[in-house]
Ligand code: GCW
């Protein structure tokens, strides 16, 4: 009867109705026209074994046979459907799920909403078919929810194939080209669709020679990848080199003001869209860590971004332009230059100058994906610019997928941080174009989205450390709903990944993972000071002075008396002045600066007493030792799950935990010994120092 209602409503709106038979694939977004309706009759069987993050990807929804007794009706309309009780005004990704008269109905305004609604049912499993009446409306907060892949086609001599990748080679490329067999990409695409990710950039932002050609000679291959992502609501993007007109086009310049350069980009974009009509756009790292950019021609980053935006504009494409621009050739003797200031200094003055189809992509912190950083002040400084916040799912600075480090709580904190408008507008609202004060009319606030660097590779478990899958899962779910509880999302992931497992599996995973980010922080660089990682080992493991006398602008300034970076307006680099009130005052004043960011903002003596009541030096000693005890206890906890989870997965996690204990111990001993040797202050607990 619901089907009949839907059929009547469709006819009333002049649409045609398609009923998919089980086994048929879902339509892609482009094929559902206004007033058309697509119904898929699915069933309880579709909810089984479809964990979004399982080691062996689940079969597609439509591949499973229907169960005749448990109807699920999913409907896509253009908006004014009333069959389920007055639902109207769908945005494309929105869906409504209703349980009435023994039938579960998913209604959406477009094929993507339908897809998300079906995945929602899969996630819920039996609950979606329960007796209780449910009526749920859901839609994502951020319009773009993107994953960036730092994948190279060629294997880079230092970085490997995937820059900062800890899960083997690329799922996209092998043998110097896009893979013939894209079945792994198809499984990944389905996984991304299931967590609401709707955009993917498929190559490294450091665009090397071979990869630059994806934009030209490689287009047919990129189109094959886009074909695989499309049915799952995911649009494909490319990272491009700003120097493409020179490198690929043979022009003498890439100057944004040069008409030949403009024409080259326009023609390049025309070719892309002739091959891939729904291509997403470009991601650009310019004038950053050696990548070419507009500075070479005396132009600024609005000139640079708009050049590309104007080429994409006629086709509906977007430029994601990264704000990660700083001087990577700094003299460590120079105490006035502060890398934390760089993005704001470069970009805040350009607010209002970017074209409508430019999104400025800002790392969550002012430095570089550290375990603990304050939120970037750029996100509060550009109200007339579309902004996206960039997170790092790949664990470059958080244990490189050897360490258990569940990042959901870090991202919740970033997305929920009330940065702007008198601390009423959080980061998620800023990047989604929502006002802070809830009584402020939304007007036309610019919206960008949420982006992150992916952590998958061709590894058997996708992410190297099997538990790192939870980070990918939580990223998508938080980008959809930044207010979701990150531990509840972890719980959801556990349920989908280990369906029907012994309750001890769930319990143990919570023990290991809930606070693992804080545990990781507690044995690595203290109190927000950052780095202390080993430059010779790709940032893995401790090396307190590893970057202290280098050109990279990341210093801790520890001497015999104290440690930390003075970023105050009063006596330091004036970085705190980049924040709106109340944050500039909060961070400026030692009395209000939170402990966990103390050394990011202030240089203090080791005897400085934290709000927690302990001194800085004793905190360094204690947390490092306590954290290693915690990690050590995980080994036995995990061992007890032998036989309760798949054997290979058990073995892989056990192996990584052994390495985590070894590495955490090294961190503990190097930091405790280093600071004892610097300060001469003994550890009050008398635990060993070397
Ligand atoms: O954190 C740094 C990484 C680089 C990376 C860069 C960036 C892709 O160490 O590997 O380059 O950030 O974000 O561009």
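Would you kindly state how much longer the chain becomes between residue 507 and residue 537 on full extension, computed as 0.36 nm times their sequence separation minus their alpha carbon distance, in nm to one decimal? Spell out each step's value before the answer.
Values: separation 30, 0.36 × 30 = 10.80 nm, distance 3.44 nm.
Computed gain between residue 507 and residue 537 is 7.4 nm.
Give me the one-decimal nm value for the distance between modelled label points at residue 629 and residue 666, 7 Å along each residue's Cα-to-Cβ direction.
Distance between the two pseudo-spin positions: 2.4 nm.
Give me the distance between the Cα centres of segment 504-552 and segment 572-642, rounded to whole Å.
Measuring centre to centre over Cα atoms gives 13 Å.
Length gain on complete extension for the stretch residue 569 to residue 91, per 0.36 nm per residue less the alpha carbon to alpha carbon distance? Intermediate results must be reported in sequence, preceding the final value.
Values: separation 478, 0.36 × 478 = 172.08 nm, distance 4.50 nm.
Length difference between fully extended and current span is 167.6 nm.
Got the relative contact order for segment 282-439 handy, in percent, Cα pairs under 8 Å and 6 or more residues apart?
Values: 230 pairs, mean separation 26.1, N = 158.
It comes to 17 percent, rounded to a whole number.
What whole number of Å gives the distance from the Cα centroid of segment 194-221 to the Cα centroid of segment 667-690?
Cα centroid of segment 667-690 versus Cα centroid of segment 194-221: 47 Å apart.
Going by how many other beta carbons lie within 10 Å of each one, how would you line up 673, 612, fewest first? Mind showing how you got there, number by number?
Details: 673 14, 612 11.
Fewest-to-most Cβ neighbours within 10 Å comes out as 612, 673.
Mean shadow of segment 399-485, computed from the convex hull of its alpha carbons, in nm²? Before the final figure, lay out each step's value.
Values: hull surface 25.7 nm².
With every direction weighted equally, the projected area is 6.4 nm².
Show me 529-542, 224-237, 369-382 ranked by packing, highest mean number of other Cβ atoms within 10 Å first. Mind dumping the intermediate values first?
On the way: 529-542: 19.0, 224-237: 21.8, 369-382: 23.6.
Result, highest mean first: 369-382, 224-237, 529-542.
Decide, for segment 144-497, between rounded, prolate and oblate: order the square roots of the alpha carbon gyration tensor eigenvalues as a ≥ b ≥ c, take rounded if a/c falls under 1.5, and otherwise choose prolate if a/b is larger than b/c, else oblate. Don't skip to the end; give the middle numbers.
Details: a/c = 1.37, a/b = 1.06, b/c = 1.29.
In terms of gyration-tensor shape, rounded.
Kindly state, to the nearest 0.05, the FRET efficiency for residue 677 paired with residue 585, given R0 = 35 Å and r defined as their beta-carbon distance. Please report the intermediate quantities before stating the final value.
On the way: r = 36 Å, r/R0 = 1.04.
It comes to 0.45.
Run the numbers on segment 141-263 and let me know its relative contact order in percent, using alpha-carbon pairs under 8 Å that are six or more apart. The partial results should precede the final answer.
Details: 173 pairs, mean separation 30.9, N = 123.
So the answer I get is 25 percent.
Put a dot 7 Å past each Cα toward the Cβ at residue 278 and residue 227; how far apart are the dots in nm?
Inter-label distance under the simple model: 1.5 nm.
Under a crude label model (7 Å from the Cα following the beta-carbon direction), how far is residue 177 from residue 210 in nanometres?
1.2 nm
State the extension gain, in nm to one decimal, for the chain segment bounded by residue 548 and residue 138, taking 0.36 nm per residue of separation less the distance between their alpha-carbons. Write out the running numbers ahead of the final one.
On the way: separation 410, 0.36 × 410 = 147.60 nm, distance 4.82 nm.
Gain on stretching residue 548 to residue 138: 142.8 nm.
Once each part is reduced to its C-alpha centroid, what is the distance from segment 314-347 to segment 431-464 in angstrom?
Each part's Cα centre sits 20 Å from the other's.
Quick check on segment 327-445: take the gyration tensor over C-alpha atoms, sort the square-rooted eigenvalues as a ≥ b ≥ c, and tell me if it's rounded (a/c under 1.5), prolate or oblate. Write down the numbers at each step before the final one.
On the way: a/c = 2.05, a/b = 1.26, b/c = 1.63.
Oblate is the answer for segment 327-445, as a/c is 1.5 or above yet b/c matches or exceeds a/b.
How would you classify segment 149-284 from its alpha-carbon gyration tensor, with a ≥ b ≥ c the square roots of the eigenvalues: rounded for a/c under 1.5, else prolate if a/b is greater than b/c, otherwise oblate? If you can, show how the numbers build up before the last one.
Numbers: a/c = 2.11, a/b = 1.40, b/c = 1.51.
Oblate shape, in that a/c is at least 1.5 and b/c is the bigger or equal ratio.
Readers should treat all values here as calculations from the given coordinates under stated rules, not as data from a laboratory. These numbers were taken from a predicted model, which means no experiment stands behind them. Glycine also receives a Cβ, built like all others from the backbone with ideal geometry; neighbour counts cover every protein chain displayed.
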